[in-house]
Amino acid sequence: MSAATIYDVARLARVSPVTVSRVINGNTRVGALFRQRVVAAIAALKYQVNVAARSTRIGHLRIGLLFSHPGAAFMSDVLLGAMHQCSAQGARLLLGQCGDLDSQRGAIARLIADGADAILVPPPLCELASALRELDGIGMQIVAVASAPPTAGISAVRIDDYAGARAMMNHLFAAGHRDIAFVTGAPGHAPAQLRYQAYRDAMDAAGQEVRPGRVAEGSFTYRSGLAAASQLLDRADRPSAVFACNDDMAAAVIAVAHGLDLRVPRDVAVCGFDDKPIAAALWPGLTTIRQPINALTRAAVQLAIDAIGEPRRARQRVLPFTLVTRESTAGGAGGAGRDGATLRRAQAGRTARHSGANPAI
């Protein structure tokens with residue numbers, strides 16, 4: 001079977017070849033919907049972005065990317081970041097789609113057969129201990145994207161999830177909240193565990209007891225957020241604030257609050273993590289921690305390129321996160337009684353950038 005062309009991608013995405021070219025080259029004039037369709041088509045066709053070599057040092061390099069769920073907004077950012085940085089460096093991007101561990105082995109084998117010099121691994125694969133052991137055993141430069149600190153010889157580019165969650169807790173404390181509930185992430189997901197630990201540590205440091213029934217289990221899905229929110233809010237002694245481990249579950253908390261005729265944030269404040277597009281689209285807008293997925297992936301590509309040919313060792317880069325405050329936490333505990341227009345003027349889009357650890361270890 002012949003390799004996919006830019007025209008094949010355009011046909012599948014129902015856009016022009018010019019639009020595909022603009023997406024590949026990072027043109028910001030392409031709308032989000034068209035951009036996601038192009039990224040999904042590139043993933044489905046395993047289209048290889050191959051820019052003419054710009055230097056004799058890296059012109060021949062091939063960077064592999066293991067991925068799943070190409071239609072998701074998170075993976076769209078991962079794919080775009082990888083494409084843009086490979087394009088900027090004159091490297092070729094090879095895509096390997098997989099799901100479980102068995103399909104991961106096959107995808108890795110295909111990437112190696114295609115000449116991959118390094119492999120990027122985003123979630124959820126980089127969060128599975130079994131997957132990391134398999135990757136560590138192949139003797140190639142491996143870079144985890146948006147991961148907790150990995151084990152063995154796996155390099156990583158990430159934010160400090162623990163510090164991000166502590167920043168969010170400090171924001172809630174500053175707004176006057178003390179009775180704060182938490183919706184956990186998927187079991188076994190290392191960043192989720194760090195966010196939960198930060199919640200517990202922040203409550204302890206503030207001298208606040210985590211009351212019974214204040215921690216509800218979630219799995220990063222909107223549906224799991226609905227069940228968790230009902231458990232936390234459909235009671236007489238509800239908390240004054242809910243911190244959900246990601247934006248999808250936080251959106252579900254807001255939906256349940258509306259269904260119970262609770263006003264957000266006056267009756268209950270809500271916040272999330274990631275700053276997905278849904279965070280700005282909700283009403284009220286969602287306060288959250290922005291995780292720069294596109295920038296993380298670009299940095300991972302560069303780390304992989306810089307490490308090729310060097311002795312294999314674990315390297316880490318920690319990028320800054322941003323606390324984005326919107327209407328869902330405005331007004332403080334108990335509600336300040338400000339009207340919606342005032343909240344929009346006071347809170348929309350306000351951000352506070354936080355540095356990570358040392359850029360390189």
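The values are calculated or read from the model by the stated rules, or taken from the named source; none is laboratory data. Quick caveat: nothing in here was measured; it's all calculated off a predicted structure. Quick reminder, even Gly has a Cβ in these numbers, built from the backbone with ideal geometry, and neighbours come from all protein chains shown. Accessible surface areas use protein heavy atoms only, side chains included; no ligands, DNA or RNA. Shrake-Rupley method; radii C 1.70, N 1.55, O 1.52, S 1.80 Å.
Give me the net charge of Ala198's neighbourhood, meaning all other residues with Cβ under 12 Å from the Cβ of Ala198; Lys, Arg count +1, Asp, Glu -1. Display every interim value, and only then the final one.
Numbers: positive: Arg166, Arg195, Arg200; negative: Asp160, Asp161, Asp201, Asp204.
Combined, the nearby Lys, Arg, Asp and Glu give -1.
Give the accessible area for Tyr196 in Å² (nearest 10); use a 1.4 Å probe, count only protein heavy atoms, and leave out ligands, DNA and RNA.
Spelled out: Tyr196, probe radius 1.4 Å, area about 70 Å².
When only C-alpha pairs under 8 Å and at least 6 residues apart count, what is the relative contact order of the range 152-235, in percent?
31 percent
Determine the dipole magnitude for the range 156-314: charges of +1 sit on the beta-carbon of Lys and Arg, -1 on that of Asp and Glu, nothing else is charged, the reference point is the Cα centre, and the result goes in debye to the nearest 20.
Here the range 156-314 has a charge dipole of around 80 debye.
If you place +1 on the Cβ of every Lys and Arg and -1 on the Cβ of every Asp and Glu, how big does the dipole about the Cα centre of the range 214-300 come out, in debye to the nearest 20?
Using only the charged Cβ atoms, the result is roughly 140 debye.
What is the Cα centroid distance between the range 153-199 and the range 255-277, reported in whole angstrom?
Using only Cα atoms, the two centres lie 18 Å from each other.
If you take every residue apart from Gly225 with its C-beta less than 10 Å away from the C-beta of Gly225, what net charge results, scoring Lys and Arg +1 and Asp and Glu -1?
-1
Which net charge results for the neighbourhood of Arg62, defined as the other residues with beta-carbon distances under 9 angstrom from its beta-carbon, given Lys and Arg at +1 and Asp and Glu at -1?
Within the 9 Å Cβ shell, the charges total -1.
By average Cβ neighbour count within 10 Å, what is the ranking of 143-149, 251-257 from highest down?
Values: 143-149: 25.3, 251-257: 23.7.
So the peptides 143-149, 251-257, ranked by packing, come out 143-149, 251-257.
If the range 118-248 were replaced by its equivalent ellipsoid, with semi-axes equal to the square roots of 5 times the Cα gyration tensor eigenvalues, what would those be, largest first, whole Å?
For the range 118-248, the ellipsoid semi-axes come out as 32, 16, 10 Å.
With every protein chain kept in the model, how would you rank Leu226, Leu296 by accessible area, 1.4 Å probe, largest at the top?
Leu226, Leu296
Using amide H atoms built in the peptide plane, which far-off residues or other-chain residues are under 5 Å from Leu94 H to H?
Residues meeting the amide H criterion: Ile63, Gly64, Leu65.
Apply the Karplus parameterisation 6.51 cos²θ - 1.76 cosθ + 1.60, with θ equal to phi minus 60°, to every residue of the range 322-329 and state each ³J(HN,Hα) to the nearest whole Hz, in sequence, with x for glycine and proline.
Karplus values, whole Hz, x for Gly and Pro: 10, 7, 9, 9, 10, 5, 5, 10.
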